Amino acid sequence: MALQRDEISIDIAGVSMKVSRFSTLSDAFEVTAVIPRVELRIWRYRDGKLVEVEEKILNSITIAHSPRHPLAGETPVKNPPKWRITFGQ
């Protein structure tokens with residue numbers, strides 16, 4: 001049976017997360033990564049005084065990979081497509 005590989009890599013402001021799945025199951029199953037909210041703030045000072053605040057807010061970052069289930073009477077897909085999702089550098 002062929003090896004299936006699913007991988008999700010997320011890098012936000014130097015924080016990295018990675019999920020990998022290797023399987024020989026005949027049917028692939030769902031792989032999901034959900035980040036509900038990210039808040040990034042950078043304070044910049046000059047001569048000891050705050051001169052700028054940079055703020056980035058990201059909401060509802062979701063990556064999902066679900067198998068396509070065959071309709072009644074349909075033959076399942078033998079070779080699911082290969083995919084890779086990467087965020088960051």
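The values are calculated or read from the model by the stated rules, or taken from the named source; none is laboratory data. Quick caveat, the model's predicted, so the values are computed rather than measured. Reconstructed Cβ throughout: ideal geometry from the backbone, glycine too, with neighbour counts over all protein chains shown. Quick note on the areas: whole protein, heavy atoms, side chains included, nothing else; ligands and nucleic acids left out. Shrake-Rupley method; radii C 1.70, N 1.55, O 1.52, S 1.80 Å.
Rolling a 1.4 Å probe across the protein heavy atoms gives segment 1-59 an accessible surface of 77 Å² per residue.
Taking Cβ atoms as reference points and 15 Å as the exclusive limit, the residues near K56 contribute a net charge of -2, counting Lys and Arg as +1 and Asp and Glu as -1.
Compute the FRET efficiency between T32 and I57 as 1/(1 + (r/R0)^6), taking r as their Cβ-Cβ distance and R0 = 22 Å, and round to the nearest 0.05. Once rounded, the FRET efficiency stands at 0.50.
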